[in-house]
Amino acid sequence: MRQDDARQDGARHAQEEMFNDRRLASFLAASLIALSLAGCSGSKTHDDRANDAAKAALLKPKKPAPPPRVTNRKANIQGVVFIPEYHRIKAGKGEMFRSPEQFRADLQTFYDMGFRPVLASEYLANKMPLAPGASPIVITFDDSMPSQLELTPDGVPTPDCAIGIWQDFAKTHPDFPVHATFFVLPDHLWTTNVVDERKAPYVRGLGSELANHTMKHPFLRKMSDARVKWELGAASEKLAELGQSLPTSLALPYGVSPKNRALLKGFDWKGKQVTFTGVFLSGAGPAKSPNSKKFNSLKIARILAVPKRFGLDFWLKELKEGRVRPYVQP
Ligand SMILES: [Zn+2]
């Protein structure tokens, strides 16, 4: 009997609840009618208008949000381009050295100043894949020094070589990938001993590129045309063997041109035409924008990564203090 009582009790409660629910529903319906009548009469409350706006926003097709600007600098496609030139990433004195700590700091500085990496080939073609507000930086490494790329037996860059440092940085800054231009000596690819066959494909696999720096790193000015042709032509041939598509750019050893400058525009060698997309010097200052009337692809300035006057630190300071106007992507 007690069970039946409980059942009846439960049913009564359910009925009451249902009744309450119905009352609530009819109250809500009445309120809605009142609201929509108010709407018809044109006397919408502030909240109504806000609701309508929210509904309209939901119905409208969404426009993709514009990508955020990297900096708030004004677009400037005539501005100068920074092309730092590194040799050894190692502690030491003189122009050939930049310590691993300093290189790590450089990457952070570049990033914070709104620079994003582009290849020499992209700069020369005036096709720089940059986000709005970013400035290009063409990071170049000369002479294929071992400290630029050391691989462990497992094929991983060591943490203190240039590529190891940069890869580590790119992990937390994915919009600053390891895209650099390596002006290499093809018989000394990141070694003073036996060439490690894994290195060139590794570099290219990162989206970096190889470019011409001659075979033996001579003073080209002292050489015959035939010898200059061999220095440049044989190096291009080796780059092609390493899978690098031709033509590449050329960095002149010591920034010194051959006596016959016309050779830099191209020449015939072993029945093939050897040409360059551009010719880079050594040191001096920021380079012209590829949009500048004064841009000369056979004389492109670079900035030595050294602390002295007209070195990298000097020009970064000039930029920070507003005395240099960089290229800024619209
Ligand atoms: Zn060199």
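Any read-out appearing in this document is the output of simple, stated calculations on the displayed coordinates, not a laboratory observation. Given the structure is predicted, the values throughout are model-derived calculations rather than measurements. Note that we place each Cβ from the backbone using ideal geometry, even for glycine, and neighbour counts take in every protein chain shown.
Observations on the structure shown:
- Taken about its Cα centre, the stretch 175-330 carries a charge dipole of about 800 debye when Lys and Arg each add +1 at the Cβ and Asp and Glu each add -1 at the Cβ.
- Relative to the current alpha-carbon distance between Val194 and Arg227, full extension at 0.36 nm per residue lengthens the span by 9.3 nm.
- The phi torsions of the stretch 212-224, fed into the Karplus equation with coefficients 6.51, -1.76 and 1.60 and a -60° offset, translate into couplings of 7, 9, 6, 8, 10, 6, x, 7, 4, 4, 7, 9, 5 Hz, rounded to whole numbers, with Gly and Pro shown as x.
- Straight Cα distances below 28 angstrom link Lys320 to the lysines Lys74, Lys90, Lys93, Lys127, Lys171, Lys288, Lys293, Lys294, Lys299, Lys308, with same-chain residues fewer than 8 positions distant left out.
- Modelled label reach - Lys308, point 7 Å along Cα→Cβ, the stretch 220-258 residues with backbone N closer than 16 Å: 254-255
- Under 5 Å between amide hydrogens, built in the peptide plane, is the criterion, and for Thr248 it picks out Thr277 among residues at least 5 positions away or on other chains.
- For Val324, Val70, Val118, the sequence from fewest to most other C-beta atoms within 10 Å is Val324, Val70, Val118.
- Contour excess over end-to-end distance, with Cα ends at Lys216 and Asn72 and 0.36 nm allotted per residue: 47.3 nm
- Using the Cβ-Cβ distance between Met96 and Lys171 with R0 set to 45 Å, the FRET efficiency from 1/(1 + (r/R0)^6) comes to roughly 0.95.
- Positive-end residue of Leu281, His213, Ser249, charge dipole of the stretch 84-320 with Cβ unit charges: Leu281
- Protection proxy ranking, peptides 229-240, 287-298, average beta carbon neighbours within 10 Å, highest first: 229-240, 287-298
- The Cα-based radius of gyration of the stretch 231-330, divided by its Kirkwood radius, gives an Rg/Rh of 1.05.
- Net charge over other residues, Cβ less than 11 angstrom from the Cβ of Cys161 (K, R count +1; D, E count -1): 0
- Count Lys and Arg as plus one, Asp and Glu as minus one, and take only other residues whose Cβ is under 14 Å from that of Arg198; the net charge is then -2.
- In this calculation the C-beta distance from Tyr254 to Arg323 is compared with R0 = 22 Å, giving a FRET efficiency of 0.20.
- Efficiency of FRET between Arg261 and Lys63 - r from beta-carbon atoms, R0 35 angstrom, step 0.05: 0.10
- Our coupling estimate for the stretch 84-91, obtained by passing each phi through the Karplus curve with A = 6.51, B = -1.76, C = 1.60 and θ = phi - 60°, is x, 10, 10, 10, 9, 9, 6, 5 Hz, Gly and Pro reported as x.
- Each other residue within a Cβ distance under 12 Å of His188 adds +1 if Lys or Arg and -1 if Asp or Glu, for a net charge of -1.
- The phi torsions of the stretch 225-233, fed into the Karplus equation with coefficients 6.51, -1.76 and 1.60 and a -60° offset, translate into couplings of 4, 4, 5, 4, 4, 5, 3, 7, x Hz, rounded to whole numbers, with Gly and Pro shown as x.
- Model label points for Thr109 and Ala131, set 7 angstrom from Cα along the Cα-to-Cβ axis, are 2.2 nm apart.
- Debye-formula intensities of the stretch 84-320, expressed as log10 I(q)/I(0) at q = 0.09 Å⁻¹, are -0.35 (one equal scatterer per alpha-carbon, no solvent).
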